[in-house]
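The values are calculated or read from the model by the stated rules, or taken from the named source; none is laboratory data. Bear in mind that the values here come from a model prediction, so they are computed numbers and not experimental data. With ideal geometry, Cβ positions are generated from the backbone for all residues, glycine too; neighbour counts draw on all protein chains shown. Just so you know, the surface numbers come from the protein's heavy atoms only, side chains and all, with ligands and any DNA or RNA stripped out. Shrake-Rupley method; radii C 1.70, N 1.55, O 1.52, S 1.80 Å.
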Amino acid sequence: MERWPWPSGGAWLLVAARALLQLLRADLRLGRPLLATLALLAALDWLCQRLLPPPAALAVLAAAGWIALSRLARSPRLPVATRAVLITGCDSGFGKETAKKLDAMGFTVLATVLELDSPGALELRACCSPRLRLLQMDLTKPADISRALEFTKTHTTSTGLWGLVNNAGHNDVVADVELSPVATFRSCMEVNFFGALELTKGLLPLLRRSKGRIVTVGSPAGDMPYPCLAAYGTSKAAMALLMDTFSCELLPWGVKVSVIQPGCFKTESVLNVGNWERRKQLLLANLPRELLQAYGEDYIEHFHGQFLHSLRLALPDLSPVVDAITDALLAAQPQRRYYPGHGMGLMYFIHYYLPEGLRRRFLQTFFISPCLPRALRPGQPSPTPSQDAAQDPDSSPGTSPTAAR
């Protein structure tokens, strides 16, 4: 049956009018997100014209276009004025770049670093205004957190505390769960969850008073079973759920909570190949003999090489993450989740909507390709269970937690 042309045309006129209005108000930018949205709407239009009667096609396409453009719209920004923000983990990476940008915008920035004489701390002193304050803090040390709380209260007496950016993070092993010491899980939780939780709870009275913002840098590894990142991903998953809980509980107080889920970017810690090599050697040295025989040293070398290869594909420009943090701090209606980085939309679409087998193969192709442990390869003898085989790598020395960045 031939379809009338008017439903499609009417819906496209509505979408075009909405897009033009948003462009004139600077609520929408020309770019790949807008072009991708229009392409998806065109595909939806094609389906509607073949599957639905004209009135239903009009309603579906118009509603989809309206919702899509609403999602793309940038929320109006609040003025910076005299707002103060505490950012953790400013020695390098996202924390350092965010501190620099917010300082340039006129914020009063309180930046925590592991060492006051670190290269990142010295760079912030050299390039930022006198408003920026540096504070040494290790999130694994309650005394440091207590000192940071007092420091923040003292330096925000006149301005109040508008925002907290939980950026500091930690990961010290890339390995299967069975190969990862339990101490690694504990160290990741101490920094990425418990330390951030204690700091956030301590600052809530100030944030409630200002009806401010909590912004936390998470990771897609907290949403998806990334190969060899279980310790890091588990801590990030716990933090994301905690932030969702805070978002609900603090809504009556006017405090808004956002989580940034960035793709892989070339931060200093990511690019430190020597550090990853040392961690691999430490893992090999401390593995129980039975586990090393079952998996094989070549298995560990394989996933280590694949991991380093994936890091070479990391994005050098950190600005998408910094922009997302800034928007979460200043947008009148910030998003609950931000996904900066190329391909993040596709990755999450695959994760949420495709079968489990396809999701697993996608992560393996994108991140670390599969490799059979030695004991599962054809022609290898079956491992003999023993008391030592049940021994956890955590029982070996040399796996003490590393402090937060």
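Values computed for the structure shown
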{"read-out": "Meets criteria (open to solvent by 50 Å² or more (accessible area, probe 1.4 Å), over 21 Å from the mean Cα position of the chain (by Cα), without any contact (Cβ under 8 Å) to a residue 24 or more places away in the chain and closer than 30 Å to residue 211 by Cα) for residue 79", "value": "yes"}
{"read-out": "Inter-residue pairs, beta-carbon under 8 Å, first without any contact (Cβ under 8 Å) to a residue 60 or more places away in the chain and under 17 Å from residue 174 (Cβ atoms) and in the stretch 257-279, second part of a helix (DSSP H, G or I) and polar (S, T, N, Q), 6+ apart", "value": "275/269"}
{"read-out": "Failed item, numbered, when residue 192 is tested on (1) over 26 Å from residue 337 (Cβ atoms); (2) at pLDDT 95 or above; (3) among the polar types (S, T, N, Q)", "value": "(1)"}
{"read-out": "Count of residues meeting criterion [open to solvent by 70 Å² or more (accessible area, probe 1.4 Å), more than 15 Å from residue 100 (Cα to Cα) and out of contact with any helix residue (DSSP H, G or I) (no Cβ under 8 Å at 6 or more places or on another chain)] in the stretch 313-342", "value": "4"}
{"read-out": "Residue among 135, 203, 124 that is touching a residue at least 40 places away in the same chain (Cβ under 8 Å), of a type in the set (A, V, I, L, M) and open to solvent by less than 30 Å² (accessible area, probe 1.4 Å)", "value": "203"}
{"read-out": "Residue within the stretch 240-250 that is in contact with a Pro (Cβ under 8 Å, 6 or more places away or on another chain), over 24 Å from residue 186 (Cα atoms) and open to solvent by less than 50 Å² (accessible area, probe 1.4 Å) present", "value": "no"}
{"read-out": "Failed condition for residue 117, given (1) of a type outside the set (Val, Ile, Thr); (2) open to solvent by 20 Å² or more (accessible area, probe 1.4 Å); (3) closer than 22 Å to residue 240 by Cα", "value": "(3)"}
{"read-out": "Hey, residue 98 out of contact with any Gly (no Cβ under 6 Å at 6 or more places or on another chain), in contact (Cβ under 8 Å) with a residue 40 or more places away in the chain and crowded, with 24+ Cβ neighbours inside 10 Å or not", "value": "yes"}
{"read-out": "Flag if residue 168 is more than 27 Å from residue 208 (Cβ to Cβ), among the hydrophobic types (A, V, I, L, M, F, W, C), in the same structural domain as residue 96 (by the TED database) and open to solvent by less than 20 Å² (accessible area, probe 1.4 Å)", "value": "no"}
{"read-out": "Index of the failed condition, residue 283 passing every other in (1) closer than 20 Å to residue 192 by Cβ; (2) more than 24 Å from the chain's Cα centre (by Cα); (3) open to solvent by 30 Å² or more (accessible area, probe 1.4 Å); (4) not β-branched (Val, Ile, Thr)", "value": "(3)"}
{"read-out": "Condition met for residue 277 (at pLDDT 90 or above and loosely packed, with under 13 Cβ neighbours inside 10 Å)", "value": "yes"}
{"read-out": "Yes/no for residue 232 being touching a Pro at 6+ places or on another chain (Cβ under 8 Å) and crowded, with 19+ Cβ neighbours inside 10 Å", "value": "no"}
{"read-out": "Some residue of the stretch 266-275 being assigned to a strand (DSSP E or B) and not aromatic (Phe, Trp, Tyr)", "value": "no"}
{"read-out": "Lone qualifier among 134, 110 - being closer than 24 Å to residue 254 by Cα and either among the small types (Gly, Ala, Ser) or in the same structural domain as residue 256 (by the TED database) (or both)", "value": "110"}
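One line per residue, one yes/no per condition, for (1) in a helix (DSSP H, G or I); (2) at pLDDT 85 or above:
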{"site": "320", "(1), (2)": "yes, yes"}
{"site": "326", "(1), (2)": "yes, yes"}
{"site": "329", "(1), (2)": "yes, yes"}
{"site": "349", "(1), (2)": "yes, yes"}
{"site": "364", "(1), (2)": "yes, no"}
{"site": "375", "(1), (2)": "yes, yes"}
{"site": "382", "(1), (2)": "no, no"}
